[in-house]
1. Among residues belonging to region A:188-205 that are more than 13 Å from chain B (Cβ to nearest Cβ), touching a residue at least 24 places away in the same chain (Cβ under 8 Å) and not polar (S, T, N, Q), point out the one that is surrounded by the fewest Cβ atoms within 10 Å (Cβ to Cβ).
2. Between residues in region B:139-164 that are free of Cβ contacts under 8 Å to residues at least 60 places away in the same chain and residues that are charged (D, E, K, R) and part of a helix (DSSP H, G or I), which pairs lie under 8 Å by C-beta distance while being six or more apart or on different chains?
3. Quick one: is A:S287 facing another protein chain (nearest Cβ under 7 Å) and touching a helix residue (DSSP H, G or I) at 6+ places or on another chain (Cβ under 7 Å)?
4. Working only within region A:331-365, note down all residues that are within 22 Å of the chain's Cα centre (by Cα) and of a type in the set (S, T, N, Q).
5. Name the strands (runs of 3 or more DSSP E) wholly within region A:66-165 that hold at least 1 residues that are assigned by TED's automatic domain parsing to the domain that holds A:E410, surrounded by 18 or more Cβ atoms within 10 Å (Cβ to Cβ) and modelled with pLDDT under 95?
6. Out of the residues in region A:406-424 meeting the condition of being assigned to a loop (DSSP other than H, G, I, E, B) and within 13 Å of another protein chain (Cβ to nearest Cβ), tell me which one is nearest to A:G235 (Cα to Cα).
7. What residue, of B:G276, B:G312, B:G265, B:G318, is without any contact (Cβ under 8 Å) to a residue 24 or more places away in the chain and within 14 Å of chain A (Cβ to nearest Cβ)?
8. Just to be sure before I move on: is A:T328 of a type in the set (V, I, T), at the interface with chain B (Cβ under 8 Å from one of its Cβ atoms) and within 14 Å of A:E386 (Cβ to Cβ) in the structure I sent?
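The values are calculated or read from the model by the stated rules, or taken from the named source; none is laboratory data. Because the structure is predicted, anything quoted here is derived from the model rather than measured. We place every Cβ from the backbone using ideal geometry, glycine too, and count neighbours over all the protein chains shown.
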Protein chains: 2
Amino acid sequence: MPMQQYPFTEEEKAEDIKCDYNFMLEENIGPAGVSLDEIDKQKELINIALYNMRQKRFLMQWRDLPYTQDDVMQDILNTAEVIRNKFDYFVVFGIGGSALGARMLFNSLKHLKHNELPDHVRNGPKFYVEDNIDPEGLRALFDVIEPEKTCFNIITKSGNTSETMSQLLIVTDMLKSRLGAKASSHIIATTDETEGNLKRIALAEGYETFIVPQGVGGRFSVLSPVGLLPAAVLGIDIAKLLEGAAYMDSICDEYDIYKNKAYMGALLQVLAMQTGKNISVMMPYSSAMDYFASWYAQLWAESLGKKNDIKGMPLYSGQTPVKAIGVTDQHSQIQLYTEGPYDKVITFMSIEKYREVVDIPLLYELIKDISFLGDKTLNDLIKAEEQGTMYAIFKAKRPFMKIIVPEINEHTIGQLIQMYELMTAFAGELLEINTFNQPGVELGKDVTYALMGKPGYEELLKEVQTMPKGDNRFIF
Amino acid sequence: MPMQQYPFTEEEKAEDIKCDYNFMLEENIGPAGVSLDEIDKQKELINIALYNMRQKRFLMQWRDLPYTQDDVMQDILNTAEVIRNKFDYFVVFGIGGSALGARMLFNSLKHLKHNELPDHVRNGPKFYVEDNIDPEGLRALFDVIEPEKTCFNIITKSGNTSETMSQLLIVTDMLKSRLGAKASSHIIATTDETEGNLKRIALAEGYETFIVPQGVGGRFSVLSPVGLLPAAVLGIDIAKLLEGAAYMDSICDEYDIYKNKAYMGALLQVLAMQTGKNISVMMPYSSAMDYFASWYAQLWAESLGKKNDIKGMPLYSGQTPVKAIGVTDQHSQIQLYTEGPYDKVITFMSIEKYREVVDIPLLYELIKDISFLGDKTLNDLIKAEEQGTMYAIFKAKRPFMKIIVPEINEHTIGQLIQMYELMTAFAGELLEINTFNQPGVELGKDVTYALMGKPGYEELLKEVQTMPKGDNRFIF
């Protein structure tokens, strides 16, 4: 395995993500917290999990993405450059892990109103991630793009995802009728190296193709071409992103759990889960981290939400991820978080330095209830609100973690991606589950096939039709 | 109280929202469901709640908004018409209940890429709801609007909300420096009739002002000028919205709980809560209902998340609302919902008729795993996926409700708003809590004041500084 050691600079180390886990602890927040004794008692389980993380490393190819993308890097950058020059619109068609990574990078690392910027300021194509098949949504997309000037990136590892393949059929038809043979230069496929129908079609049509590496599941794929190509099209520095991830990976290869921020985070969440904290709120104080929370929601939910443990014993594990955005959701969710059930862990994501500073002018000096805001900055205000909310949660004796991000940039986002993927994998080891499958999604897919008339699903169709209609007394 | 009886047409009745509660019941999904016995046992509690809903009606002015906005209606429409002709951009500054209603109406009733449409197609100003004070977000807004062509609607009932008042200060300064005395014609205040600093400033500056009616809290205010003015600026038929709400209100004034969809929904949720279903997932199969789920999240969380009951006894009630969008989140959350803990109620929102139809062409006929999708529509596919997901949840024996929306339009959105407000109020009565306050938000606000140096908060500032810093072993 080509493991590259990056020469990390002091500047990069100054951009370290920091975690503060103090307010997960009983000694700081009382009985809703985890006791130091409990942590100590888990020594054996922790050691097994640590051992497994190393033993199974060869199965966790996602973990090596920061080191293994060198070969494809130049292809990605070249293709991205062509797209940036040739097209006015770039559309990702994918769903779940094929969409959330690209959307997260777009949200965190680009202008928050990218598509509305004047062309010369935006300096690159308008960007869309269309991860739904709502006909109203797809029609809306077609109302604002010009297919002749659009590059479509079709992403599905299996090449069989009904949603994405339907989008491909629609777009192929549209492009062929308008552009004839030139249509194929408007489509890029990202899929398995050898298998699946997207691969077959791409070969037949001559689509440029990128590979989802073996052993990398959708929700762990953002640092493969799945996320990297869209990011490069946006002009994001993908080398720096991988470097940040590699840096986090290297410092989280640590056996002492008190020095491993990913593993300690996982342990504290798992211990909290075991005392009924079945909700994991991620609350970044940043509009740019909105989709990071969505990306995390998939990662955490699909990985840990499992019926059985690895021995097949019933477990019904999982924490439900909830996104809250600071300060916005202070005015929506904090009432519940301070006064409701003791069923949550909140992760505050704190941004030390925002990429903009906005002054609040001093006006209406005679109105003291307003003028105290003046001659300060919005940056001061959002920091004060964050601290105020944390204090209120602390006083309500609810557990929370704090992730401190020096600034949002490629290096820190890379770190966060790797940290959360490692945290998820380690939590799975502690729970003794299979972190990387999603058997609970299959039945719904199969029923969809059955209802759409896919050959071979006739029996299931009959079964579905036996679902009770229910009592009319309860339909009104 | 000026109660108007609308002459409801047969067409409007054909647009009835329907609820299917069968899969909340033990007889259909087994032990995770509510038993009919349990419902019967609640008779006394239900009767008290029903009585209270009528007794307290005069305190629930929000409930009468569909009947009481006649006086202000013409003002709203006139002002909206002026704005539509005079401005190219319309910005709502507000947070929580002052933002979510407008955003929800924008999302559900307008084009999903409204701001990106060509001017002549959009036919009205670009529209923004800025409910955060993230400096990166505000700067991004200023990068895409032209203040000289922008109308700002400042919404805060109290007139003291730090976030919104800071936004006002910033914009006032910007407009005055560019436009001088003309600045005041770019700002519209929506606030209390007589009290608060926004009212004082509006009077002094001569801002056009709309009133948040007495007794209407933020999260119940969408059918007042708070939501109606932005909606009218968008060209939404606000009379029809109110009509839909009035219609739902009239049919939910029913004492027989088996005929009252709002109250039956509340009862089943409360009974589910009492057996540990502390998560309420709202999963609309529609991109246009994304912010409806956010609006619901505030309504349900702030109203029911309460430490004490009305007698002051500790209760720690509340269900955590979670938004999931169909089909998108099938690929993110359904694994957890089918296999994870039995701690959820899912509400599927089903759209009978989408406003668009998109054909899936028949291509690649030889690839049977793809060609079965052809000669159908995206509408067929999204319906099949919805049914597939519901079947999977049913097979996993998890409780769910189904809200059936004939089509998304003003009449049905009006119905949904009123239904969910009534459901929330009735759930509060069943829980015997104060549904309409939010004491758990105050401490965070006060600490913000203290940290920003507001006079009178010096003691609290000292208190906050005593918060433990924690052990360095847990910061890394």
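1. Only one residue tops the list, namely A:D192.
2. Final answer for the pair search is B:V144/A:E116; B:P147/B:R178; B:E148/B:R178; B:G159/B:K199; B:G159/B:R200; B:N160/A:D369.
3. Here the answer is yes, as A:S287 does meet what is asked.
4. Matches in region A:331-365: A:Q333, A:T347, A:S350.
5. Passing ranges: none, list empty.
6. Looking at residues that are assigned to a loop (DSSP other than H, G, I, E, B) and within 13 Å of another protein chain (Cβ to nearest Cβ), I get A:N409.
7. It is B:G312.
8. yes
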